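The values are calculated or read from the model by the stated rules, or taken from the named source; none is laboratory data. Values in this document were obtained by computation on a predicted structure and should not be read as measured data. Here the Cβ positions follow ideal geometry from the backbone for every residue, glycine too, while neighbour counts run over all protein chains shown. The area values use the complete protein model at the heavy-atom level, side chains included, leaving out ligands, DNA and RNA. Shrake-Rupley method; radii C 1.70, N 1.55, O 1.52, S 1.80 Å.
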Amino acid sequence: MQEYRTQGVAALGGEFSNYNFPYLFLLYAASLLPVEPLYAIKFVSLIGDVLLAVSMAHLVRQYRPYGLEPATAAVVTLFIPTVLLNAAMWGQCDSFYTAFLVLSLSYLLRNDARRAWLFWGVAFAFKLQSVFFLPALVLVSLRNRFNLMSSILAVGLWAMLSLPPMLFGRSLGSTLGIYVKQSGEDRLVAGAANIYEWLPGVTAAEGRIPALIVCSAVLLGIAFPYWRAPDSPERRVLLAACVLAVCPFLLPQMHDRYFFAAEVVSLVFIGNRSLRLVPVIFSGTGLLVYVLYFSGNRYIWPLLIASALQAVALVLLMHELMIKRRATKRNLLPIIQ
């Protein structure tokens, strides 16, 4: 905010932040408001929360999971602990990229590949963590033979939203290297309640490649039951929830807030008897991680317990995906006979 209020619009070409252009532009617009900097920052974040609530209502209106009403989904989304604290207390912007991921999923359920990919491109322009949704988007697109042009349009949209700093003097390398800088963490895990909390002595350099291999193997294991059984909106939502949770749980160098999208999307399972525990676990462990961060508490046991609970939620999601596959195959038997 200080940079914007002293340098004006020229600051958009500066290198004082490792966030991409869409969020920085929103902060610049907020800097023009005659309010305290902290209020301006959180005002932008709260706009993201409203957008996220509207996106969840849009998804639920399309999906109609287990009797959940769109208005109820919107309100619940606003008041789960991590959404409430992420913007109102922390001043973060995770609601923006997650809102566009939710819209991408919503249009994916409608077989509208172009909008699904375009909304993903917008999400990716906001935050690198949008790649967590990419395996599901690619898998559904390949399974249904969606036009490849949709993904190309998404890349073009990302470029349009990411390259404007060059108009204000920032170099191409610096502009495109923002996400590279974000992934330069030395620790194998940076506050996230994932599996690597159990390996405190392993550095990022030592564990990065094995972690990537393990994550890739699990994602392939998730892709198999989806691919082998008939497709449906319910299975697409399950697939999306699985990959959004698996990626931050198994990828290296994950931060505190990287389960945010999984926490939000899992809300659609509130009315599902088999999965209603999943959003409770994600919200609870997310709250624990936030409390540990804000309190400066670095004791290892709370994060170990949280990571174990995250594993339980993942097992429930993947088991449901497998169960749906077997159930679908059984339902097909009378038709085959």
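Estimated at the nearest 10 Å², the accessible area of TYR39 is 150 Å² with a 1.4 Å probe. Computed on the chain, with alpha-carbon pairs under 8 angstrom and 6+ residues apart, the relative contact order is 18 percent. Amide H to amide H, with H built 1.01 Å from N, VAL189 comes under 5 Å of GLN253, counting only residues 5 or more places away or on other chains. Spin-label pair GLN62-LEU142: with each label point 7 Å from Cα along the Cα-Cβ axis, the two points sit 2.2 nm from one another. Peptide packing for 305-311, 110-116 was compared via the average number of neighbouring C-beta atoms within 10 Å per residue; ordered from the highest value, the list is 305-311, 110-116. A 1.4 Å probe run over the chain, with the rest of the protein chains in place, finds 46 Å² accessible per residue.
Taking a ≥ b ≥ c as the square roots of the eigenvalues of the alpha-carbon gyration tensor, the stretch 1-127 is classed oblate because a/c is 1.5 or more while a/b is no larger than b/c.
Tell me the angle of helix 149-162 to the major Cα principal axis of the chain, expressed in degrees between 0 and 90 and rounded to the nearest ten. On a 0 to 90 degree scale, this one is about 20. For the chain, a Gaussian network of Cα nodes joined below 10 Å ranks TYR23, TYR293, TYR97 by mean-square fluctuation, and the top entry is TYR293. Applying 0.36 nm per residue to the separation of PHE168 and TRP301 and subtracting their alpha-carbon distance, the gain on full extension is 43.1 nm.
A simple spin-label model places the labels of PHE43 and GLU69 3.3 nm from each other, with each point 7 Å out along Cα-to-Cβ. Computed as a quarter of the hull surface, the mean projected area of the alpha carbon convex hull for the chain stands at 17.9 nm².
Let me make sure I get this right: for the stretch 75-167, a, b and c are the square roots of the gyration tensor eigenvalues over alpha carbons, sorted descending. Under 1.5 in a/c it's rounded, otherwise prolate if a/b > b/c, else oblate. Which is it?
oblate
Projecting the Cα atoms of GLY221, TRP158, ALA190 onto the charge dipole of the stretch 128-227, computed from C-beta unit charges around the Cα centre, puts TRP158 farthest toward the positive end. In the assembled protein chains, PHE294 presents an accessible area of approximately 80 Å² (probe radius 1.4 Å). Dipole magnitude for the stretch 165-246: about 220 debye, using +1 per Lys or Arg Cβ and -1 per Asp or Glu Cβ, origin at the Cα centre. Charges were assigned to the Cβ only: +1 to each Lys and Arg, -1 to each Asp and Glu. The resulting dipole of the stretch 88-217 about its Cα centre is roughly 480 debye.
By how many degrees, between 0 and 90 and to the nearest 10, does the Cα long axis of helix 134-143 differ from the longest principal axis of the chain? Around 40 degrees separate the two axes.
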